[in-house]
Amino acid sequence: MFKMHLLIGLYLSCITNTYAEDINIKLSGEVKQGGYILGKTSPKNLVKLDGKILDVSSSGDFVLGFSRDDKKNHTLIITNPEGKKVTKTLIPKVRQYKIQRVEGIAKKIMQPNPKAVTRAKLDSSQVRAAREITSNLTAFSKGFIAPIKGTITGVYGSQRYYNGKPKSPHYGLDYAGDRGDPVKAPADGIVTLNVSDMFYSGGTMIIDHGHGITSSFLHLSDSYVNVGDKVKQGEIIAAVGSSGRATGPHLDWRINWFQIRLDPMLVLKTKPIK
Ligand SMILES: [Zn+2]
């Protein structure tokens with residue numbers, strides 16, 4: 001009886017191996033909240049995350065990510081042209097974020113005027129639209145570099161409570177810098193938004209890196225590229241500033257997978273798949 005089971009076990013594992021050879025899949029990145037996951041498979045395969053088809057490039061690259069507070073189990077299914085499937089369950093690791101409580105804030109700071117609210121709404125709809133763009137660029141799969149050399153002064157996920165009320169969390173990486181310091185493209189891409197005077201974020205630029213991955217740069221004092229321009233990794237695209245509602249010059253760099261905000265630090269750490 002035992003021998004019989006062992007044989008069946010071996011037989012099954014051989015089948016599994018054959019399947020694995022048919023459906024080659026590699027993943028890179030940390031499965032945690034704010035995480036950035038690169039994938040590679042045969043470009044002929046169909047890749048679905050939670051039932052939604054992900055774009056696979058002609059070299060087999062795809063990407064996905066997890067939001068700051070993602071507590072779901074995600075199902076990644078790769079199907080080859082013969083209909084064979086590989087299923088992977090991705091459970092983002094829960095993180096602890098920096099929480100800061102500030103008491104005694106005056107009312108007028110907490111309630112901006114209606115004109116400002118209208119402008120801020122317009123800004124965020126423009127930003128939203130830029131982050132919704134799907135392109136077949138594959139720059140996202142080739143690794144990111146930091147856009148400036150400054151010290152990191154603000155991290156992803158941190159949150160302030162004013163008078164006990166939670167403010168929206170901080171989604172960028174803040175880098176210390178002086179007004180005019182050069183900001184470099186962290187990866188190749190195309191400029192999809194360049195506005196000099198958004199209400200909160202001031203000089204704001206968005207670069208598309210492909211498959212829904214975008215970089216956003218906030219509080220800029222200047223920009224050296226225009227919407228539609230192709231940029232190369234390391235190319236100087238803008239200058240650090242304190243425009244919009246910023247306390248001083250710094251660069252706030254954000255990364256999105258469509259509307260899902262990812263941790264730029266985890267993007268920097270994710271190694272390209274060879
Ligand atoms: Zn910031």
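What strands (runs of 3 or more DSSP E) lie completely within the stretch 157-274 and have 1 or more residues being in contact with a strand residue (DSSP E or B) (Cβ under 9 Å, 6 or more places away or on another chain), without any contact (Cβ under 8 Å) to a residue 60 or more places away in the chain and closer than 28 Å to Gly29 by Cβ? I'd like the intermediate steps shown before the answer.
Numbers: elements: 159-162, 173-176, 182-184, 189-198, 202-210, 213-220, 236-239, 250-257, 260-262.
Result: 182-184, 189-198, 202-210, 213-220, 236-239.
Say we look at the stretch 227-243 and pick out the residues that are out of contact with any Asp or Glu (no Cβ under 7 Å at 6 or more places or on another chain) and away from the ligand (no atom under 16 Å from the Cβ); which of these is farthest from Val183 (Cα to Cα)?
Top of the filtered list is Gly228.
Can you go through Thr153, Thr89, Thr118 and tell me which one is surrounded by fewer than 12 Cβ atoms within 10 Å (Cβ to Cβ) and within 23 Å of the chain's Cα centre (by Cα)?
On inspection, the qualifying residue turns out to be Thr89.
Can you tell me how many residues within the stretch 210-226 are crowded, with 22+ Cβ neighbours inside 10 Å, within 16 Å of the ligand (Cβ to nearest atom) and among the hydroxyl-bearing types (Ser, Thr, Tyr)?
Here is the first cut: in the stretch 210-226, the ones crowded, with 22+ Cβ neighbours inside 10 Å are 210-220.
Add one more test, that the residue is within 16 Å of the ligand (Cβ to nearest atom), and what stays is 215-220.
Checking which are among the hydroxyl-bearing types (Ser, Thr, Tyr) leaves us with 215-216.
Residues that pass the stated criteria total 2.
Among the residues that make up the stretch 246-258, is at least one of them under 18 Å from the mean Cα position of the chain (by Cα), within 13 Å of the ligand (Cβ to nearest atom), acidic (Asp, Glu) and at pLDDT 95 or above?
Checking the stretch 246-258: at least one residue is under 18 Å from the mean Cα position of the chain (by Cα), within 13 Å of the ligand (Cβ to nearest atom), acidic (Asp, Glu) and at pLDDT 95 or above.
Among the candidates Tyr175, Tyr156, single out the residue that is within 14 Å of the ligand (Cβ to nearest atom) and touching an Asp or Glu at 6+ places or on another chain (Cβ under 7 Å).
On the way: Tyr175 fails: touching an Asp or Glu at 6+ places or on another chain (Cβ under 7 Å).
On inspection, the qualifying residue turns out to be Tyr156.
Based on what the data block shows, is Pro182 buried (at least 24 other Cβ atoms within 10 Å of the Cβ) and not assigned by TED's automatic domain parsing to the domain that holds Asp55?
Numbers: buried (at least 24 other Cβ atoms within 10 Å of the Cβ): no; not assigned by TED's automatic domain parsing to the domain that holds Asp55: yes.
Against the criterion (buried (at least 24 other Cβ atoms within 10 Å of the Cβ) and not assigned by TED's automatic domain parsing to the domain that holds Asp55), Pro182 does not qualify.
Are any residues in the stretch 156-179 among the hydrophobic types (A, V, I, L, M, F, W, C) and surrounded by 21 or more Cβ atoms within 10 Å (Cβ to Cβ), and if so, which ones?
So in the stretch 156-179, the residues among the hydrophobic types (A, V, I, L, M, F, W, C) come out as 173, 176.
Passing the criteria: only Leu173.
Within the stretch 53-76, track down each residue that is farther than 20 Å from Ser141 by Cα and touching a strand residue (DSSP E or B) at 6+ places or on another chain (Cβ under 8 Å).
If we filter the stretch 53-76 for residues that are farther than 20 Å from Ser141 by Cα, which is where we start, we get 68-75.
Scanning the stretch 53-76 gives Arg68, Asn73, His74, Thr75.
The values are calculated or read from the model by the stated rules, or taken from the named source; none is laboratory data. Here the structure is a predicted model, which is why all the values come from computation and not from measurement. In this analysis, Cβ positions are derived from the backbone assuming ideal geometry, glycine residues included, and neighbour counts consider all displayed protein chains.
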